[in-house]
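Read through the structure below, which is laid out as structure tokens, and then see the notes.
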Amino acid sequence: MAEFDSKVPVSGMNNHVFEACHHVVKALRASDNNLDANLRKLLSDLEMHLSTFGIADTKVEDAGFSEIKKRFKEAVKRIRSWETNQSTMFEAGLSEADQFFQALYDVQTVLVGFKALPMKTNQMEKDVYNQATVALDIAMLRLEKELCDVLHQHKRHVQPDYLAVSSRRKDIVYDESFVSLDDEVIVEASSHEDDEQISDFYNSDLVDPIVLPHIKAIANAMFACEYDQPFCEAFIGVQREALEEYMVTLEMERFSCVDVLRMDWEDLNGAMRKWTKVVKIITQVYLASEKQLCDQILGDFESISTACFIEISKDAILSLLNFGEAVVLRSCKPEMLERFLSMYEVSAEILVDVDNLFPDETGSSLRIAFHNLSKKLADHTTTTFLKFKDAIASDESTRPFHGGGIHHLTRYVMNYLKLLPEYTDSLNSLLQNIHVDDSIPEKTGEDVLPSTFSPMARHLRSIVTTLESSLERKAQLYADEALKSIFLMNNFRYMVQKVKGSELRRLFGDEWIRKHIASYQRNVTNYERSTWSSILALLRDNNDSVRTLRERCRLFSLAFDDVYKNQTRWSVPDSELRDDLHISTSVKVVQSYRGFLGRNAVRIGEKHIRYTCEDIENMLLDLFECLPSPRSLRSSRKR
């Protein structure tokens, strides 16, 4: 392959013949549809000039001119041989490409030769020089087309599995009642799994490596002939288009600031989720590979390689930055916390990659923009986290929660907190300088995990303390002390189970768990005392008369009916807790009733005993089932 001297200057002639030819070539560049016919005519005229171009030996001052003429004619024929060939030189093979580059080298040699000699007044010599310049333009047009065709035909396509940005996690929906997150099993590929996927694609080839030597040869040839600007424009155009196609494949739409500010939560949530994945793929995979490609092709022209890379990537980068900038203009609502955490975490993670992509002054504006966005996301995320706690504190109720079950606020807060350990490092960094009161005093020892007293752990416990205070206020709305105890028991038990069964355990610590188990167990005791103490007192007898015993038995049945009617509508969603209550209540009530009847059944008389011990035991199993209406009371054994 011919070697091109990129340092040899090639200048145009000022005479009218050259200018006319040069304008023709420019016109051809702008009219691809007529390129074949125009090239054929132009080159035919050029060859006709050469065939009639006779230089008498006595008039030739340079003895080597005939050799230049011969090589020039052959070079023009070689260039002309690709006039109607729509395939690429790369497809034709290395030999064909070498011959084309050799022809181009010979044309350049003619120009260099004329440049080195004093300009003659001989018109034919001027014509040869001008015709060589036109031939060079035509060759450059063909190489520019070759560059675009090869890049298009040999680009590497995106892997569909890797580009999936959908999540298996159920999206968080928020309203003022905190009715959203339920207890379904939430499954999502963790960010670490995403990282493993991305690491497999670092330095992926955007163009088949087999064509790189050919593209680099095109670059060297065009730069040597001082056609570096057309090369760069063509290269940037193709690669920028490929990046735009990549963004479309990722389904990352371009949104204006107004679009983002007007989005409803469902659409914004999806767009923010997508952004966190796309920005990692673009910065850590695609642009890293694009920069590598620019260096492989234009590494000998370092500043130009950098400039091309920035022009290729700038539009896509700015669209991602603009989305992030628009998002931080949204208000800090609780439902946005996890999405803000994701965006902040990713923005902080990719800063090293961005610094590597744009290390020079020419890329400083993009580099600085990423750093500024990460800082804004950090501030916005911290504000949103703190407002989440305020929203819990301000959640007030005007009526008691139906059935004493698990309040929507409790479900929402605990399920939301379960999502946060994935962002432990980020939250510890954001919260390290923000003081908060902690319900658990700091301790040290082998059985105490350091994570229990991290900034994040202290803040999460503080959030739950705020939740507890809200629940205590809501409990005061119940007129029935027993139902108040059931409500607190249910909600405190729920909090404990969520902590014990998740990554929250290493943050809240065993002491917090023990403290809250004791709390809901006290409510169990309060429930039993407020419900059954007065009823079981009716079953105590002190050598009472038959009439008194019968009255006690009647009053017990009436009181039990009242408990049954009310407490079958109450709710204890936790089946294990419900079973424990059934067992505990059954032991106390059935045992006392059995003893009472054992001592007094004969004196009371069968017709005055409404329920058997088996009836009481079976009916107790209906309690806390949250029935829409109580089941029919067992029929009396009265005759």
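A compact table of results
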{"item": "Selection within segment 549-565 - touching an Asp or Glu at 6+ places or on another chain (Cβ under 8 Å) and over 18 Å from D622 (Cα atoms)", "result": "L549, R552"}
{"item": "Tally, over segment 457-488, of residues that are assigned to a loop (DSSP other than H, G, I, E, B) and open to solvent by less than 30 Å² (accessible area, probe 1.4 Å)", "result": "1"}
{"item": "Which listed residue, of D106, D98, is open to solvent by 10 Å² or more (accessible area, probe 1.4 Å), within 15 Å of K73 (Cβ to Cβ), in a helix (DSSP H, G or I) and in the same structural domain as E74 (by the TED database)", "result": "D106"}
{"item": "Segment 489-521, residues that are open to solvent by 40 Å² or more (accessible area, probe 1.4 Å) and not in a helix (DSSP H, G or I)", "result": "G501, E503"}
{"item": "Single unsatisfied condition, D579 versus (1) open to solvent by less than 60 Å² (accessible area, probe 1.4 Å); (2) under 22 Å from H402 (Cα atoms); (3) in the same structural domain as C626 (by the TED database)", "result": "(1)"}
{"item": "Sole exception among (1) closer than 19 Å to R156 by Cα; (2) open to solvent by 60 Å² or more (accessible area, probe 1.4 Å); (3) at pLDDT 95 or above for Q197, by number", "result": "(3)"}
{"item": "Pairs with Cβ under 8 Å, 6+ apart, first in segment 331-348 and in the same structural domain as V279 (by the TED database), second of a type in the set (K, R) and in a helix (DSSP H, G or I)", "result": "C332/K387; K333/K387; P334/K387; R339/R273; S342/R273; V346/K280"}
{"item": "Residue in segment 441-454 that is within 34 Å of the chain's Cα centre (by Cα) and not in a helix (DSSP H, G or I) present", "result": "yes"}
{"item": "Among residues of segment 528-567, those that are within 15 Å of T585 (Cβ to Cβ) and of a type outside the set (D, E, K, R), counted", "result": "15"}
{"item": "Every residue from segment 219-231 that is open to solvent by less than 20 Å² (accessible area, probe 1.4 Å) and either outside any loop (DSSP other than H, G, I, E, B) or over 15 Å from L141 (Cβ atoms) (or both)", "result": "A219, A221, M222, F223, A224, F231"}
{"item": "T109 being within 60 Å of the chain's Cα centre (by Cα) and modelled with pLDDT under 85", "result": "yes"}
{"item": "Qualifying positions in segment 562-576 - more than 49 Å from the chain's Cα centre (by Cα) and open to solvent by 20 Å² or more (accessible area, probe 1.4 Å)", "result": "D562, K565, N566"}
{"item": "Any hit, segment 327-339, residues being more than 30 Å from L623 (Cα to Cα), in a helix (DSSP H, G or I) and open to solvent by 70 Å² or more (accessible area, probe 1.4 Å)", "result": "no"}
{"item": "Pairs where the first residue, in segment 381-405, is under 24 Å from G324 (Cβ atoms) and the second is loosely packed, with under 15 Cβ neighbours inside 10 Å, C-beta under 8 Å, 6+ apart", "result": "T382/I434; T384/K333; L386/I434; K387/K333"}
{"item": "Residue within segment 49-69 that is open to solvent by 60 Å² or more (accessible area, probe 1.4 Å) and modelled with pLDDT of 75 or more present", "result": "no"}
{"item": "Selected residue [assigned by the TED database to the domain that holds I282 and not charged (D, E, K, R)] from L417, L427, L373", "result": "L373"}
{"item": "Filtered residues of segment 508-527 (kept if in contact with a Ser or Thr (Cβ under 6 Å, 6 or more places away or on another chain) and modelled with pLDDT of 95 or more)", "result": "N523, N526, Y527"}
{"item": "Sole exception among (1) under 30 Å from E146 (Cα atoms); (2) open to solvent by less than 10 Å² (accessible area, probe 1.4 Å) for T249, by number", "result": "(2)"}
{"item": "Identity of the residue in segment 284-315, among the β-branched types (V, I, T) and over 14 Å from P359 (Cβ atoms), that ends up most open to solvent (accessible area, probe 1.4 Å)", "result": "I304"}
{"item": "Among residues of segment 346-355, those that are surrounded by 14 or more Cβ atoms within 10 Å (Cβ to Cβ) and either among the charged types (D, E, K, R) or more than 19 Å from the chain's Cα centre (by Cα) (or both), counted", "result": "2"}
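The values are calculated or read from the model by the stated rules, or taken from the named source; none is laboratory data. Not measured: the values here are computed from a predicted model. Note that we place each Cβ from the backbone using ideal geometry, even for glycine, and neighbour counts take in every protein chain shown. What goes into the accessible areas is simple: the full protein's heavy atoms, side chains included, and nothing from ligands, DNA or RNA. Shrake-Rupley method; radii C 1.70, N 1.55, O 1.52, S 1.80 Å.
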